[in-house]
Amino acid sequence: MPSPTWGNHGPIFKHAGLDVASYRYYDKNTCGFDFQGAMDDIKNIPDKSIILLHACAHNPTGVDPKPEQWKEMSQAIKSKNIFPYFDMAYQGFASSDFDQDAMPIRQFLADGHQIALAQSFAKNMGLYGERAGAFSLTCISKEEAERNMSQIKILIRALYSNPPIHGAKIASTVLTTPDLKTQWIGEVKGMANRIISMRKQLQDNLVQLGSSRNWQHITDQIGMFCFTGLNPQQCEKLTKDFHVYLTKDGRISIAGITTKNVNHLAQGIHECSK
């Protein structure tokens, strides 16, 4: 798994009986992707392991590899016969382009990987309470697909037997009705672009306030969250003096920033990071 990753990933895989390890991902010095560290660690992963990859809008950092980095990672993973497991919870929310956000998955498939893909419609369809999504496995033949489906049904029977159908019906209707799908894509794009705009406004305000720090990572990162680079002491001061509430690792929700509070947030971050 990447370090860090979504807090539930570790418990899920450990409860499934897997031995869990991490590869380098986030660089605290740059608030960006530790590409060289990730590549070095991938090359040392035992052959035929499983690697967890965030398809877009990495949670919790908001840091994604660039397209050319994804291509190099794909080749390194393939050379070790490692099985890619993609988690895609934010398609459309990252770049505001569904196709662009799917680029890593399509690249891996083009490179000849067989993959597992866990998709969530909780955020991009507003179905959080319905736990709607999809799990996909690519197979090399119809017979292999049938064998895999048989095993998956055995697991499903013991886990939840029959899934809730309401959220899945909504997702299916939206995706198979052209007018609704077009409307949905437009609405997701609007939400994603608002988040991108808030990143830019926060960065611009910090520059205008005369901050001596480089805040480029705010707009380099992507998705709903941002690792600001603030340390625990700065986070505590931001909460105490400016009533801005964030986790001690400096992670904020960009979705919570508005045109009405972005100035206050920038002022607080500036004062706490001097």
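With a simple spin-label model that places each label point 7 Å from the Cα along the Cα-to-Cβ direction, the separation between T247 and R213 comes to 1.8 nm.
Counting only alpha carbon atoms, the long axis of helix 142-159 and the longest principal axis of the chain meet at about 70°.
Modelled label positions at I156 and N193, each set 7 Å beyond Cα in the direction of Cβ, lie 3.8 nm from each other.
Helix 166-176 and the longest principal axis of the Cα set of the chain meet at an angle near 90°. Computed as a quarter of the hull surface, the mean projected area of the alpha carbon convex hull for region 1-158 stands at 10.0 nm².
I need the shape label for region 140-273. Rule: rounded when a/c is under 1.5, else prolate if a/b > b/c, else oblate, with a, b, c from the alpha carbon gyration tensor. Show your work: numbers first, answer last.
Numbers: a/c = 2.95, a/b = 2.10, b/c = 1.41.
Prolate shape, in that a/c is at least 1.5 and a/b is the bigger ratio.
State to the nearest 20 debye the size of the charge dipole of region 1-67 about its Cα centre, where the only charges are +1 on K and R beta carbons and -1 on D and E beta carbons. If you can, show how the numbers build up before the last one.
Working: 6 positive and 7 negative charges, 17 e Å.
That gives a dipole near 80 debye.
In straight-distance terms, cross-link reach from K237 covers every one of the aspartates and glutamates whose alpha-carbon lies under 20 Å from its own, apart from those fewer than eight places away in the same chain; here that gives D249, E271. Placing pseudo-labels 7 Å out from each Cα toward the beta carbon at S141 and S49 gives an inter-label distance of 3.1 nm. Once the convex hull of all Cα atoms in region 156-228 is built, its volume per residue stands at 130 Å³.
Note: the chain, Cα convex hull, 152 Å³ per residue. Projecting the Cα atoms of Q119, F86, A102 onto the dipole axis of the chain, where Lys and Arg carry +1 and Asp and Glu carry -1 at the beta carbon, places Q119 farthest toward the positive end.
Of all beta bridges that DSSP places with both ends in the chain, some 50 percent have antiparallel geometry. Cross-link check: pairs K169/K189; K66/K181; K66/K189 evaluated at a Cα-Cα cut-off of 24 Å; pairs beyond the cut-off: K66/K181. For the chain, the longest principal axis of the alpha carbon atoms and the long axis of helix 178-208 meet at an angle near 30°.
When only C-alpha pairs under 8 Å and at least 6 residues apart count, what is the relative contact order of region 112-159, in percent?
31
Taking all protein chains together, M125, M88 sort by accessible area into M125, M88, largest first [probe 1.4 Å].
Between I152, I170, I50, the residue with the greatest mean-square fluctuation in the GNM of the chain (Cα pairs under 10 Å linked by springs) is I152. The chymotrypsin sites (Phe, Trp or Tyr not before Pro) of region 213-252 that meet both conditions, a loop assignment by DSSP and at most 12 other Cβ atoms within 10 Å of the site Cβ, are Y245. Placing +1 on each Lys and Arg Cβ and -1 on each Asp and Glu Cβ, with no other charges, gives the chain a dipole about its Cα centre of roughly 440 debye. Secondary-structure-derived ellipticity at 222 nm for the chain, considering helices only, amounts to -14500 deg cm²/dmol, per-run term -39500 (n - 2.57) for DSSP H runs with n ≥ 4. Working from Cα pairs under 8 Å separated by at least six residues, relative contact order for the chain is 17 percent.
Which entries in the list K14/K153; K78/K123; K71/K200 go over 25 Å, if you measure between the two C-alpha atoms of each?
Details: K14/K153 21 Å; K78/K123 31 Å; K71/K200 28 Å.
Table pairs above 25 Å Cα-Cα are K78/K123; K71/K200.
The values are calculated or read from the model by the stated rules, or taken from the named source; none is laboratory data. Given the structure is predicted, the values throughout are model-derived calculations rather than measurements. Methodologically, a virtual Cβ is constructed for each residue, glycine included, from the backbone with ideal geometry; neighbour enumeration extends over all protein chains shown. Areas reflect the complete protein model, heavy atoms only, side chains present, ligands, DNA and RNA absent. Shrake-Rupley method; radii C 1.70, N 1.55, O 1.52, S 1.80 Å.
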